[in-house]
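Only the coordinates and a few stated rules stand behind these numbers; no lab work does. This structure is a prediction, so every number in the text was calculated from the model and none was measured. Backbone-built Cβ (ideal geometry, glycine too); neighbour counts: all protein chains shown.
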Amino acid sequence: MVHTGRHFLQIPGPTNVPDRVLRAMAQPVIDHRGPEFAHLTAEVLDKIRPVFQTSGPVIIYPSSGTGACEAAFVNTLSPGDRVLIFETGWFSHIAWRRVAEKLGLAVEYVPGTWRRGVSPAEVEARLEEDAEHTIKAVAVVHNETSTGVTSRVGEIRRAMNRVRHPALLIVDTISSLGSIDYRHDEWEVDVTVGCSQKGLMLPPGLGLTAISDKALAASRTAKLPRSYFDWQEMLKANQSGFFPYTPATNLLYGLREALQMLHEEGLTNVFRRHSRHAEATRAAVRAWGLEIFCEEPLEYSSSLTAVRTPDGHDADRVRQIILDTFDMSLGTGLGKLAGKVFRIGHLGAFNDLMLAGTLSGVEMGLRLAGVPHREGGVMAALNHLALADRSVAAN
Ligand SMILES: Cc1ncc(COP(=O)(O)O)c(C=O)c1O
């Protein structure tokens with residue numbers, strides 16, 4: 001089948017790259033050891049801080065998000081250190097548990113159903129039991145991209161403080177940074193990991209890290225081997241505007257433009273837009289009579305919605321029909337959710353009519369695939385979009 005018009009890329013990342021960002025990247029490559037590049041580095045390192053809501057250092061690796069995850073461990077921990085990791089879905093396993101185990105850390109993987117976020121009470125209980133303070137880090141995924149569940153990091157921090165446990169708090173914000181309110185400094189997070197290809201509206205290729213003073217101090221004594229991902233070398237080179245190796249020059253041009261776009265809209269408005277689109281999506285799912293995978297309304301994700309298909313109806317078949325017929329990509333079910341859910345990405349460079357088109361494709365696809373559902377999901381979403389508060393906060 002020949003498709004016309006634009007492909008709908010509605011997976012929960014990589015996301016649609018705005019034309020402005022594409023144009024910003026379409027520049028001749030410059031000398032990464034010259035003055036123009038030093039200026040670019042200084043600018044992006046300064047302007048990225050508000051996105052993490054931090055005044056501390058941020059590192060930008062030419063890597064995917066997983067590289068920054070690995071960097072979080074190798075810079076702060078030593079072989080055999082105990083790390084508490086909470087099972088929230090596919091990415092708590094892939095990004096945290098698997099990386100930590102391969103690095104020789106002693107992982108305690110606290111089981112979860114995938115339908116709820118990290119329980120702050122469980123964090124508190126586990127850390128209270130560790131009177132000797134042998135647990136050196138707690139690693140959580142803020143927004144579990146495999147399930148559409150957002151953990152409450154502020155409450156996790158309060159739980160850790162209640163039991164006065166000194167473990168580092170390490171958070172993966174790969175699918176929430178620049179989409180869902182996240183406060184590195186206020187929540188006293190020690191290492192926050194992000195990436196370019198989701199809320200930051202860029203192609204894949206940058207792994208980002210915000211670092212607290214406590215994590216920096218830990219990096220001076222941590223003994224896991226590190227070379228490419230060594231924070232100290234990167235921070236030293238960054239001071240004069242350079243990298244210890246060849247940076248992703250043109251992605252940094254794109255990042256400068258994307259940060260400008262987030263600044264023009266205002267982060268508060270960016271977060272509101274994402275939550276409005278997520279609410280409208282959930283209104284559609286409910287109207288179809290289908291199940292939102294996330295069980296806890298306080299933990300609904302604003303960047304994606306995972307939708308359960310009824311038993312006996314393969315979610316990947318629905319996705320395939322939608323791709324073939326309407327040229328729209330939706331997220332597949334990962335790990336044990338393969339064939340059971342499809343994921344609608346509503347993050348990044350996105351607006352009301354893109355959401356309307358996305359949900360129309362889903363509704364038509366459900367019909368073509370013979371999935372039992374009620375009509376009217378798109379209408380429910382449109383009603384929500386028309387009525388929901390559209391006011392914007394001053395920048
Ligand atoms: C929450 C989360 N963590 C980690 C990763 C891995 O990131 P990357 O594929 O950029 O290495 C992803 C990728 O989608 C993710 O969504």
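Both radii were evaluated on the Cα set of the chain; the Rg over Rh quotient, with Rh as the Kirkwood radius, amounts to 0.97. Estimated from the Cβ-Cβ distance and a Förster radius of 22 angstrom, the FRET efficiency linking T268 and A388 is about 0.90. Here the extension length gained between M379 and R317 equals 19.9 nm, from 0.36 nm per residue of separation less the Cα-Cα distance.
Remark: K236, K214 ranked as K236, K214, counting other beta-carbon atoms within 10 Å and listing the fewest first. Once C-alpha pairs closer than 8 Å and six or more residues apart are averaged by separation and normalised to the residue number of the chain, the relative contact order reads 23 percent.
Please compute the alpha carbon radius of gyration of region 117-222, then divide it by the globular-protein estimate 2.2 N^0.38 Å. Two decimals is fine. Write out the running numbers ahead of the final one.
On the way: Rg = 14.1 Å, N = 106, 2.2 N^0.38 = 12.9 Å.
Compactness ratio reported: 1.09.
Our coupling estimate for region 261-274, obtained by passing each phi through the Karplus curve with A = 6.51, B = -1.76, C = 1.60 and θ = phi - 60°, is 5, 5, 5, 4, 6, x, 4, 4, 5, 4, 5, 4, 4, 4 Hz, Gly and Pro reported as x. Stretching K102 away from H133 to a fully extended chain increases their span by 8.9 nm, per 0.36 nm per residue minus the current alpha-carbon distance. Between V2 and E296, the FRET efficiency estimated from the beta carbon spacing at R0 = 35 angstrom works out to 0.20. A Förster radius of 45 Å combined with the Cβ-Cβ distance from R82 to A338 puts the calculated FRET efficiency at roughly 0.90. Among S196, S329, S240, which one shows the biggest mean-square fluctuation in a GNM of the chain, springs joining Cα atoms closer than 10 Å? Evaluated over the chain, the most mobile residue of the options is S240. Applied to region 246-259, the Karplus parametrisation 6.51 cos²θ - 1.76 cosθ + 1.60 on θ = phi - 60° returns per-residue 3J(HN,Hα) values of 5, x, 7, 3, 6, 5, 6, 4, x, 4, 4, 5, 5, 5 Hz, with x for Gly and Pro. Which residues' amide hydrogens lie under 5 Å from the amide hydrogen of A137, considering only partners 5 or more residues apart or on another chain, with H built in the peptide plane? When sequence neighbours closer than 5 places are left aside, the close amide H contacts are L84, L168.
Fewest-first ordering of H165, H263 by other beta carbons within 10 Å of each residue's beta carbon gives H263, H165.
Sequentially through region 70-87, phi angles give Karplus couplings (6.51, -1.76, 1.60; θ = phi - 60°) of 4, 4, 4, 6, 5, 8, 10, 10, 10, x, x, 4, 7, 10, 9, 10, 9, 6 Hz, Gly and Pro residues having no value and appearing as x. Pairwise Cα distances in region 248-373 exceed 23 Å in 37 percent of cases.
Between Q27 and N161, the modelled labels are 4.1 nm apart [label points 7 Å from Cα along Cα→Cβ].
Here I59, I170 are placed in order of increasing Cβ neighbour count within 10 Å, fewest first, which gives I59, I170.
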